[in-house]
1. Need the full-extension length gain, E88 to R13, defined as separation in residues times 0.36 nm minus the C-alpha distance. One decimal, nm.
2. For Q20, project a label point 7 Å along Cα to C-beta. Then give me every residue of the stretch 77-93 with its amide nitrogen under 19 Å of that point.
3. According to the Cα gyration tensor, what semi-axes, each the square root of 5 times an eigenvalue, does the equivalent ellipsoid of the stretch 7-122 have, listed from largest to smallest in whole Å?
4. State the extension gain, in nm to one decimal, for the chain segment bounded by E39 and M100, taking 0.36 nm per residue of separation less the distance between their alpha-carbons.
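Taken together, the values in this text are just the output of simple stated rules run on the coordinates, not laboratory data. Computed from a predicted structure; not experimentally measured. Backbone-built Cβ (ideal geometry, glycine too); neighbour counts: all protein chains shown.
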Amino acid sequence: MAVETREYRAEARFQRVSPQKARLVLELIKGRGVQEALETAYFTKKRIAPVIHKLLTSALDNAKYVAGEEGIDLDVDSLYVKQALANEGPRLKRIRPAPMGRAYRYQRRLTHIVLSVAERQKDTDLVTKVEEPAPARKAKKATKKAGKA
C-alpha cells in the first residue's frame, strides 16, 4: 500500500543567464529541506541566486495553495527540493564590432529553470523486528571488560 507523493513545481523561463551558471546554484539546494534551501539561495553570491530564491518561494506557495484547495494535509516542514533543473532556452545571436570592419558573432544564452518540491515520506509502513544479541557477543564483551579492570 504505497502512498503517492505529490510534487509541487514552479518554473522561471527565459532567464538571462547561461544554464551552466544556474546549475551551480541549483546543485547547492537540490535534495535539501525547503527552509535550508531558502537560506542557501538567499546567501549565495551569484547573480541568479535571488531568482532561484523567488522561484523556490513560489513552489512553496504553490504547495500550500494546492494543499488547501484539495484538502490535503501538508506538513511544510517535511518538504524538500526534489528536482532542480536548468534547461537551455533559445539563444540570442548578437554581433560585436571587430577590427578592420569585421564583425564577431556571439550568443547570449537563456535558461529555463524548473524547481519541484515534495514531501518526505515517513517509514510508518515498515515493521522492524528486534533480534536478541547472540550470547557469544555478550561473552566477548564481558571478557574485554574484565581485561580492562
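1. 26.0 nm
2. Answer for the stretch 77-93: 85-93.
3. 36, 14, 10
4. Here the answer is 16.9 nm.
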